[in-house]
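**Q** Mind looking over this structure? Questions follow.
None of the figures in this text is laboratory data; all of them are computed from the coordinates on show. The structure presented is a predicted model; accordingly, all values stated were derived computationally and were not measured. With ideal geometry, Cβ positions are generated from the backbone for all residues, glycine too; neighbour counts draw on all protein chains shown.
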Amino acid sequence: MSEFTTEFLAQVEAKNPGEAEFHQAVHEVVSSLTPVLDQHPEYQAAKILERITEPERAILFRVPWMTDRGEVMVQKGYRVEFNSAIGPYKGGLRFHPSVNLSILKFLGFEQVFKNSLTTLPLGGGKGGSDFDPKGKSDNEVMRFCQSFMTELQRHIGPDTDVPAGDIGVGGREIGYLFGQYKRLRNEFTGVLTGKGLGWGGSLIRPEATGYGMVYFAAEMLGAKDETLEGKTCLVSGSGNVAQYGVEKINELGGKVICMSDSGGMILDKDGIDAEKLAWIMDLKNVRRGRISEYAEEFGAEYVEADASLGFNPLWDIEADCAFPCATQNEINEADAKNLMKHKIGAVVEGANMPVVPAGMDLFLDAGVPFGPSKAANAGGVAVSGLEMSQNSMRIRWEREEVERRLQDIMKSIHTAASEAAEQYGTPGNYVNGANIAGFKKVADAMLDQGLV
């Protein structure tokens with residue numbers, strides 16, 4: 001890194017104290033940009049970095065709601081509208097006890113460049129609450145969502161800010177949020193994505209992040225004249241991204257041998273085939289059970305989560321490809337070393353920033369193909385953008401049309417990242433390539449639009 005970028009990162013940390021996740025996200029992007037800034041002094045003159053790392057707007061509000069027992073509860077609600085240089089703010093809502101401003105700023109910042117890479121006119125934002133939908137009744141979730149949207153609706157709109165789902169916000173929550181927005185605003189618009197198919201949703205949207213991740217992995221492997229056919233794969237998580245990632249890996253001939261949740265992991269050396277995956281989908285999406293039940297049903301090995309180990313046993317298994325799909329920073333340095341020990345062939349991020357910087361550096365220094373989340377998991381927001389297009393035109397494309405467009409977008413992202421990495425002197429480094437390609441598009445738009 002140059003002296004300028006080192007000083008700039010120190011300034012970001014000083015201006016945003018205690019926001020470790022946000023610092024990490026900014027460091028990861030800015031550390032790739034030295035050659036770009038050297039060739040484009042106009043970016044420094046216009047203070048693009050200083051402006052692009054400051055949200056255009058960050059909204060914090062209280063969300064009171066009532067339990068089924070009549071107890072009053074109060075949660076924090078957030079929406080970070082980070083950058084609208086190339087389109088309306090776009091990014092998910094996360095309902096989870098870990099949600100705080102630092103995490104949402106990190107996610108919103110990442111979203112700016114992820115959305116830029118999709119080729120669609122989308123800005124970046126993120127929001128959510130420290131509300132935990134786990135263990136709540138449908139009526140409790142509905143009351144919370146209605147209270148949350150009562151405030152949020154003041155700040156969003158189909159041409160202003162279009163939220164979607166994220167951790168803890170699935171079809172049920174999107175439905176309740178949309179219903180309250182429609183009730184308060186008296187308008188039926190594409191203000192949220194991830195909607196039900198019967199009221200404005202797009203085919204392939206639930207599958208999009210997982211499918212897109214695997215399409216990106218296929219492009220990475222294709223650059224080495226390889227395919228997923230016959231490859232053994234490690235997948236963490238068992239939510240939406242993991243489920244549909246496993247489905248597409250199976251379709252392309254790979255074999256997934258593990259999945260996980262916060263309680264632990266399963267190891268099924270016979271492979272999690274379509275029938276077993278359908279059982280997991282019912283377990284997680286309908287019965288809302290724990291992955292440990294899979295071991296009892298199919299006789300697989302189950303390993304309980306144990307933070308005291310200092311590493312995750314899921315990443316200490318011999319395999320060809322790794323797909324972290326659970327949460328941020330789930331692969332620490334020890335996990336990365338274990339994957340390297342087993343000569344992992346590719347690591348592709350399905351979750352947002354699931355590999356810590358030291359782990360990422362290990363993979364890059366060893367030449368392991370590494371697909372960063374802002375490129376590899378952009379399929380979800382890509383199809384959200386396609387949902388917005390369908391809403392605006394009052395039409396709905398067939399499944400094959402949406403999936404074809406998704407696959408084309410993931411190919412375009414791979415090409416853009418690969419070409420940018422080559423152009424700026426780090427061929428094969430998808431981290432640098434994705435950061436540079438995503439940044440330049442937004443930075444150029446900011447220059448065009450003046451000092452705003």
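**Q** In what order do LEU221, LEU252 fall by count of nearby beta-carbon atoms within 10 Å, going from fewest to most?
**A** Numbers: LEU221 21, LEU252 15.
With the sparsest Cβ surroundings first, the list reads LEU252, LEU221.
**Q** Find, among the trypsin sites (Lys or Arg not before Pro) in region 367-421, those assigned to loop by DSSP (not H, G, I, E, B) with at most 10 other beta-carbon atoms within 10 angstrom.
**A** Working: sites: LYS374, ARG394, ARG396, ARG399, ARG404, ARG405, LYS411; in loops: ARG394, ARG396.
In loop regions of region 367-421 (DSSP not H, G, I, E or B), the sparsely surrounded trypsin sites (Lys or Arg not before Pro) are ARG394.
**Q** Taking 0.36 nm per residue of separation and subtracting the Cα-Cα distance, what length does fully extending ASP130 through MET1 add? Don't skip to the answer; put the middle values down first.
**A** Values: separation 129, 0.36 × 129 = 46.44 nm, distance 3.60 nm.
Contour length minus Cα-Cα distance gives 42.8 nm.
**Q** Continuing with this model, one more query. According to a simple spin-label model (label point 7 Å from Cα along Cα-to-Cβ), what is the distance in nm between HIS27 and MET393?
**A** It is 4.4 nm.
**Q** For GLU293 and GLU318, what does the FRET efficiency come to when R0 = 25 Å and r is the distance between their Cβ atoms, rounded to the nearest 0.05?
**A** Numbers: r = 26 Å, r/R0 = 1.04.
The computed FRET efficiency comes out at 0.45.
**Q** Which whole-number percentage describes the relative contact order of the chain, with Cα contacts under 8 Å and a sequence gap of 6 or more? Provide the component values of the computation, followed by the final result.
**A** Details: 910 pairs, mean separation 70.0, N = 452.
Result for the chain is 15 percent.
**Q** If you don't mind, there's one more thing I want to ask. If I model a spin label as a point 7 Å beyond the Cα along the Cα-Cβ vector, how far apart are those points for LYS343 and TRP279 in nm?
**A** 3.3
**Q** Between VAL452 and VAL286, take the C-beta separation as r, use R0 = 51 Å, and let me know the FRET efficiency to the nearest 0.05. Show your work: numbers first, answer last.
**A** Values: r = 47 Å, r/R0 = 0.92.
According to the calculation, E is roughly 0.60.
**Q** Here's a follow-up. Compute the whole-percent fraction of alpha carbon pairs in region 55-187 spaced more than 24 Å apart.
**A** Details: 2165 of 8778 pairs.
Considering region 55-187, 25 percent of its Cα-Cα pairs are separated by more than 24 Å.
**Q** Run through region 199-234 and list the GluC sites (Glu not before Pro) located in a DSSP loop whose Cβ has at most 14 other Cβ atoms within 10 Å. Walk me through the numbers before you get to the answer.
**A** Details: sites: GLU207, GLU219, GLU226, GLU229; in loops: GLU207, GLU226, GLU229.
The qualifying sites are GLU229.
**Q** On to the next question. Taking K and R as +1 and D and E as -1, what net charge do the other residues with C-beta under 11 Å from the C-beta of LYS15 add up to? Show your work: numbers first, answer last.
**A** Working: positive: none; negative: GLU13, GLU19, GLU50, GLU54.
Result for the neighbourhood of LYS15: -4.
**Q** Additional query: Sort LEU309, LEU192, LEU49 so that the residue with the fewest other Cβ atoms within 10 Å of its own Cβ comes first and the one with the most comes last.
**A** By the 10 Å Cβ count, ascending: LEU309, LEU49, LEU192.
**Q** Run down the aspartates and glutamates and flag those whose C-alpha is under 20 Å from the C-alpha of LYS136, throwing out any fewer than 8 positions away in its chain.
**A** Counting by Cα, and skipping residues close in sequence, LYS136 has these aspartates and glutamates nearby: ASP68, GLU71, ASP166, GLU173, ASP261, ASP282.
**Q** Okay, which of region 303-329 sit inside 13 Å, backbone N to the point 7 Å along the Cα-Cβ direction of ALA366?
**A** In region 303-329, the label zone of ALA366 (backbone N under 13 Å from the point 7 Å along Cα→Cβ) covers 315-322.
**Q** Could you name the aspartates and glutamates whose alpha carbon sits less than 13 Å from that of LYS276, not counting residues in the same chain fewer than 8 places away?
**A** Partners found: GLU247, ASP268, GLU293, GLU296, GLU297.
**Q** Counting other Cβ atoms within 10 Å, which GluC sites (Glu not before Pro) in region 84-193 have at most 11 and lie in a DSSP loop?
**A** Details: sites: GLU110, GLU140, GLU151, GLU173, GLU187; in loops: GLU187.
When the GluC sites (Glu not before Pro) of region 84-193 are filtered for loop state and at most 11 Cβ neighbours within 10 Å, GLU187 remain.
**Q** Please go through the residue pairs LYS284/LYS341; LYS248/LYS337; LYS182/LYS248; LYS126/LYS337; LYS47/LYS411; LYS47/LYS374 and name each one whose alpha carbons sit more than 30 Å apart in this structure.
**A** On the way: LYS284/LYS341 32 Å; LYS248/LYS337 27 Å; LYS182/LYS248 35 Å; LYS126/LYS337 32 Å; LYS47/LYS411 32 Å; LYS47/LYS374 23 Å.
Listed pairs above 30 Å: LYS284/LYS341; LYS182/LYS248; LYS126/LYS337; LYS47/LYS411.
**Q** Evaluate the relative contact order of region 71-177 (contact order divided by residue number), counting alpha-carbon pairs under 8 angstrom at least 6 apart; express in whole percent.
**A** Details: 197 pairs, mean separation 39.3, N = 107.
The value is 37 percent.
**Q** Among ASP444, ASP261, what is the fewest-to-most ranking by other Cβ atoms within 10 Å? Provide the component values of the computation, followed by the final result.
**A** Numbers: ASP444 16, ASP261 21.
If I rank by nearby Cβ atoms, fewest first, I get ASP444, ASP261.
**Q** In whole Å, how far is the Cα centre of region 102-159 from that of region 380-452?
**A** A separation of 20 Å, based on Cα centres.
**Q** May I ask for the net charge around GLY438, where only other residues with Cβ less than 9 Å from the Cβ of GLY438 are counted and Lys, Arg are +1 while Asp, Glu are -1? Kindly include the intermediate steps, with their values, before the conclusion.
**A** Values: positive: LYS114, LYS374, LYS440, LYS441; negative: none.
Its environment carries a net charge of +4.
**Q** Placing one identical point scatterer on every Cα of the chain and ignoring solvent, what is log10 I(q)/I(0) from the Debye formula at q = 0.08, 0.09 Å⁻¹?
**A** Values returned for q = 0.08, 0.09 Å⁻¹ are -0.43, -0.55.
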